[in-house]
Amino acid sequence: MRTKILALVLFVLIASLIVACAPAPTPAPTAAPPTKAPEKPAALKVGFITDVGGIDDKSFNQTAWAGVERAMKELGVQGKYLQSRQQTDYEKNITTFVQEGYPLIITVGFLLGPDTAKGALANPKVNFAIVDYTYPDCWPGAKVGVECGSDKPIPNVRGLAFQTDEAAFLAGYLAAGMSKTGKVGTFGGLQIPTVTIFMKGFQAGVEYYNAQNKANVKVLGWDTKADKGLFAGSFTDPDKGRTAAKSLIDEGADVILPVAGLTGNGAFTAAKAAGNVYAIGVDVDQCKTVPDACPILLTSVVKNMDVAVFDTIKDMQTGAFKGGTNYVGTLKNNGVGIAPFNQLEGKVPDKLKKDLEQIKKDLIDGKIKTGVEPLK
């Protein structure tokens, strides 16, 4: 019995020594905390404010908005527009976007100049761009904040301007070359600089045609020297445009340039009804936006506003946006131009086409001047 007990004690002692000498167990590896995916930066918010012409005017506002739509598609920005039904909406719409935290607000048109300046000066951390306008915009005696926006550049505003007189010069030469009656006409929506710059360039182009071809084509509806012309008083009323165009046609004009947004579309109706009258569109290739008018549209005086707007948004997204400066679209940088002759391609003589090509080159090279001061 005693022997059995001693054997058991010895076994326990040996087992204890084996356990004590055994290597310590390797601890189970601790799982690494899950890696948190980097947060995707919030999309840039771009606010867009129309003038009274509206987002679907098939001209000015619609083209500028197309630049935002392109940025939404290609750059992933978040775009939103507010339509101005009347001029009192301008300040209200700007305030709405500021309160909603939009870091970039784009306004459209000359009439928004004072309100855009007011909004920008009151909100220096918000960047603005304004289509068809630049600062400083004041003239001697003008009341800052009422008649004009600012008497100096605004650090957080980029102006987007267009030397449309250059392209309108080409349109005037074309109109004179295509006229059978020796009379061409133009009218505007309102007598403001962004309208009359077209009319001045158009008249200068007609006069250049006369000088080069020993002709005497007359311009109805505008006189640069007198600074007077025919204006429909609206950018949103095609009936007024039709009436204005008909008055020019009744005086003998057989090519009409309406510079009046949606109002100008009424001129196309009047030209078609006359049966022997051509028209010239503005802002975009209106053969595309107003296809019913294409059979009588010689061309359009184009402002590539969509490109200027898109590039501004891209600069904002990449950190390259710089306020206090202005973009000026010209023939040289493809900011302005004339559209194809489209359905009337076969009606335009080859010589006239060659003349236009040379004139464009001479305008770019500075050999021909339109008589309009270069925008800055």
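Every number in this text was worked out from the coordinates using simple rules, so none of it is lab data. Source: prediction; values computed, not measured. Glycine also receives a Cβ, built like all others from the backbone with ideal geometry; neighbour counts cover every protein chain displayed.
Exposed loop sites here are GluC sites (Glu not before Pro) assigned a DSSP state other than H, G, I, E or B and surrounded by at most 13 other beta carbons within 10 Å; excluding them, the longest clear run of the chain is 252-376. If you take the Cα centroid of region 306-376 and the Cα centroid of region 147-169, the two points sit 15 Å apart. In a DSSP loop and with at most 14 other Cβ atoms within 10 Å, there are no chymotrypsin sites (Phe, Trp or Tyr not before Pro) in region 290-367. Screening the chain for DSSP H helices whose Cα atoms reach 27 Å or more along their own axis and whose mean Kyte hydropathy is at least -1.0 gives 2-21, 193-213. An oblate overall shape is assigned to region 106-150, the ratio a/c of its alpha-carbon gyration tensor axes (a ≥ b ≥ c) being 1.5 or greater and a/b not exceeding b/c. If the limit is 22 Å between Cα atoms, which of Lys214/Lys272; Lys183/Lys272; Lys288/Lys361 go over it? Going by Cα-Cα distance, Lys214/Lys272; Lys288/Lys361 fall outside the 22 Å limit.
Spin-label model, Thr243/Lys322: points 7 Å from Cα along the beta carbon direction are separated by 4.9 nm. The value of relative contact order for the chain, using C-alpha pairs under 8 Å at least six residues apart, is 17 percent. The ranking of Lys214, Lys200, Lys92 from fewest to most other beta carbons within 10 Å of each one's beta carbon is Lys214, Lys92, Lys200.
Normalising the Debye intensity of the chain to I(0), with uniform scatterers on Cα atoms only, and taking log10 at q = 0.07, 0.13 Å⁻¹ returns -0.37, -1.01. If a spin label sat at a point 7 angstrom from the Cα of Gln78 along the line to its beta carbon, the backbone N atoms of region 299-340 nearer than 17 Å would be those of 317. Only lysine pairs 8 or more places apart, or on different chains, with alpha-carbon atoms under 17 angstrom apart are counted in region 45-162, and they number 8.
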